[in-house]
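Take a look at the structure below.
Coordinate-derived values only; no laboratory data. Remember, predicted model here, so these are calculated numbers, not experimental data. As a convention, Cβ positions derive from the backbone with ideal geometry for all residues, glycine included, and neighbour counts pool all protein chains shown.
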Amino acid sequence: MTGLKTSQLIRRSKVAIVFMVGMLGALIVFSNATDYDSNYIYLGHILSMDTTGSHLMYRSINSEMMHHRIYWMIMTLETIFTSACLLGGYQLAKNINASDEQFHEAKKYAVLGFLVALFVYYFCLQVIGNEWFDMDQSKDWNAMKWAQSIVDFLLPALIFLVMKVDS
């Protein structure tokens, strides 16, 4: 790696991480668009709490119309985070050799994308899905590990992204 400075490698790694998150989103959006029923059924079981054995059934949502609306809201947010990350990755790549200030400012779409993704996978799935709909009580319809694995990557990646260590 002769000739490649650490600061250049750090900037490139930030671009790569943002594009990786964007590609994760693209695959999720593609999956939701091409296999609507699988994820819709999954979400329907979480919202209806029909496999939790919970005494908190008053919290359940059993309206199919609401299931569709909530699913479309999640898919919209996933599309937003995907678009923001891909645009953010492009902005970072375009500014890879720019000044420190310009490179840092180019992070804004990526930061937005990461925040929207954290909202979906941490707040919507882990907080609301788990704490309100008792998702963790279901053996079959529990997205906690999947959502947690995404959050476990996103949060430190966001911290790394926003740090000004790329000069």
- Query: Listing Val18, Val162 from the residue with the fewest other Cβ atoms within 10 Å to the one with the most, what is the order?
  - Reply: Val162, Val18
- Message: Residue by residue through the stretch 139-156, what is 3J(HN,Hα) from phi via Karplus (6.51 cos²θ - 1.76 cosθ + 1.60, θ = phi - 60°)? Round to whole Hz and write x for glycine and proline.
- Response: 6, 9, 10, 10, 9, 4, 5, 5, 5, 5, 5, 5, 4, 4, 8, 5, 5, x
- Message: Show me, for the stretch 60-69, the HN-Hα J-couplings you get by feeding each phi into the Karplus relation (A = 6.51, B = -1.76, C = 1.60, θ = phi - 60°), rounded to Hz, glycine and proline as x.
- Response: 5, 10, 10, 7, 4, 4, 5, 4, 5, 5
- For Kirkwood radius over Cα pairs in Å the list reads (i) 18.4; (ii) 17.2; (iii) 17.9; the calculated value is entry (ii)
- Rounded to the nearest 0.05, what FRET efficiency do Thr2 and Asp152 have when you use their Cβ-Cβ distance and R0 = 41 Å? 0.75
- Message: What do you get for the angle between helix 108-118 and the principal long axis of the chain? Use alpha-carbon atoms, 0 to 90 degrees, nearest ten.
- Response: 30
- Euclidean distance of C-alpha centroids, the stretch 1-57 and the stretch 62-78, integer Å: 17
- Name the most mobile residue of Leu92, Leu27, Leu43, meaning the one with the largest mean-square fluctuation, in a Gaussian network model of the chain with Cα contacts below 10 Å. Leu27
- Message: I want to verify a result. In a Gaussian network model of the chain, Cα cutoff 10 Å, which of these has the top mean-square fluctuation: Thr79, Thr52, Thr34?
- Response: Thr34
- Task: Using 0.36 nm per residue of separation minus the Cα-Cα distance, give me the extension gain between Lys164 and Glu105 in nm, one decimal.
- Result: 20.2 nm
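Counting Lys and Arg as +1 and Asp and Glu as -1, each charge on the Cβ, what is the dipole of the stretch 18-162 about the Cα centre in debye, to the nearest 20?
That gives a dipole near 220 debye.
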- Go ahead and estimate [θ] at 222 nm for the chain from helices alone: -39,500 (n - 2.57) per DSSP H run with n ≥ 4, summed, over the residue count, rounded to 500. -22000 deg cm²/dmol
- Query: Which of the trypsin sites (Lys or Arg not before Pro) found in the stretch 117-167 are loop residues per DSSP with 15 or fewer other Cβ atoms within 10 Å of their Cβ?
  - Reply: Lys139, Lys164
- Query: Which of these, Ser60, Ser99, Ser83, has the largest mean-square fluctuation under a Gaussian network model of the chain (Cα springs below 10 Å)?
  - Reply: Ser99
